[in-house]
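Visitor: Sharing a structure, written as structure tokens. Questions coming.
Coordinate-derived values only; no laboratory data. Treat the numbers as computed from the prediction; the structure is a model and nothing was measured. So basically every Cβ, Gly included, is an ideal-geometry build from the backbone, and we count neighbours across all protein chains shown.
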Amino acid sequence: MSKAAALQIRRAEAADAAALAPLMAEWFLAAYAHASDAANTGAFVAANFDRAKQAAEIANPDIVTLIAQSDGELAGYAQVRFATPTPDCVDEADACELGRFYFAPAHHGRGGAALLMDAVRAAARERGRRWLWLLVWQEAPQAIRFYEKQGFAKVGTAVFLVGEDRKADFVLRGIV
Ligand SMILES: CC(C)(COP(=O)(O)OP(=O)(O)OC[C@H]1O[C@@H](n2cnc3c(N)ncnc32)[C@H](O)[C@@H]1OP(=O)(O)O)[C@@H](O)C(=O)NCCC(=O)NCCS
């Protein structure tokens, strides 16, 4: 059995918040600590990845949090958001946001991300959405390459705030 085939994808439950929140912070910092200064990345982590915030997001009916698990350990996660404002460069009314999409560094390049993306598409389809859009830092070639392989294409730029640091992220759009 391949390593990716051993991966399980499931919806997050309330009890996952305690384990998920610190891993979200760890995986964000592994990927993006170098993208800004410590004050701004620290502010971003504090605002987004504490346990209470994750418990609230898991409970939010307008957010689907998906977890990828390998041998009982959390390996990655994604969030599909159904109530966020769509950027101006995305015209489609039946679009939703792929808000976060992360794997632990040890799981990169093992095929798990494609399985998680299948589950993201299924969650979007379940809610009648036909398009996904996302923001990605312009200097994140690995993530951009992955999204391109998944059929996403650049349609514009939008501001992503890391603390007070205004990043001009790419907006990518892909069909569900
Ligand atoms: C985005 C992410 C989930 C993709 O998962 P992954 O396992 O790396 O995906 P894959 O291995 O299928 O694809 C990555 C591609 O990037 C390529 N790549 C890796 N490092 C690269 C680099 N420095 N420059 C260019 N391409 C790179 C890989 O070779 C691969 O392309 P290939 O299949 O054509 O060889 C994972 O990289 C991740 O968690 N990154 C950190 C978090 C993140 O940036 N999330 C996105 C936020 S918008």
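Visitor: Charges only on Cβ, +1 for Lys and Arg, -1 for Asp and Glu: so what's the dipole of segment 7-175 about the Cα centre, in debye to the nearest 20? Please list the in-between numbers first.
Guide: Values: 18 positive and 21 negative charges, 87 e Å.
The dipole magnitude comes to about 420 debye.
Visitor: What per residue convex hull volume, in Å³, do the alpha-carbon atoms of segment 128-176 yield?
Guide: It comes to 76 Å³ per residue, whole-number rounded.
Visitor: Roughly speaking, what is the stretch gain from Ala30 to Glu139, that is 0.36 nm per residue apart minus the C-alpha to C-alpha distance, in nm to one decimal? Working shown, then result.
Guide: On the way: separation 109, 0.36 × 109 = 39.24 nm, distance 1.43 nm.
Fully extending the segment from Ala30 to Glu139 adds 37.8 nm.
Visitor: Hey, rough spin-label estimate for Arg125 and Asn48, points 7 angstrom out along Cα→Cβ, what's it come to in nanometres?
Guide: The modelled label-to-label distance comes out at 2.8 nm.
Visitor: Between Lys154 and Asp37, how many nm apart are label points set 7 Å from Cα along the C-beta direction?
Guide: Distance between label points: 2.8 nm.
Visitor: How large is ³J(HN,Hα) for each residue in segment 95-108, as worked out from phi by the Karplus curve 6.51 cos²θ - 1.76 cosθ + 1.60 (θ = phi - 60°), to whole Hz, x for Gly and Pro?
Guide: 10, 9, 8, 8, x, 9, 7, 9, 10, 4, x, 5, 9, 5
Visitor: At 7 Å along Cα-to-Cβ for each site, give me the label-to-label distance between Ala56 and Ala18 in nm.
Guide: Each label point lies 7 Å from its Cα, and together they span 2.1 nm.
Visitor: In whole Hz, with x marking every Gly and Pro, tabulate ³J(HN,Hα) for segment 25-38 from phi via Karplus 6.51 cos²θ - 1.76 cosθ + 1.60, θ = phi - 60°.
Guide: Result, rounded to whole Hz: 5, 4, 6, 4, 5, 4, 8, 10, 4, 7, 7, 8, 8, 4.
Visitor: Once segment 7-175 is represented by equal point scatterers at the alpha-carbon sites, with solvent omitted, what log10 I(q)/I(0) does the Debye formula produce at q = 0.08 Å⁻¹?
Guide: Log10 of I(q)/I(0), two decimals: -0.22.
Visitor: Given only helices, namely DSSP H runs of n ≥ 4 each adding -39500 (n - 2.57), what is the per-residue ellipticity at 222 nm of the chain, to the nearest 500 deg cm²/dmol?
Guide: Details: 5 runs with 60 residues, N = 176.
Using -39500 (n - 2.57) per qualifying helix, the result is -10500 deg cm²/dmol.
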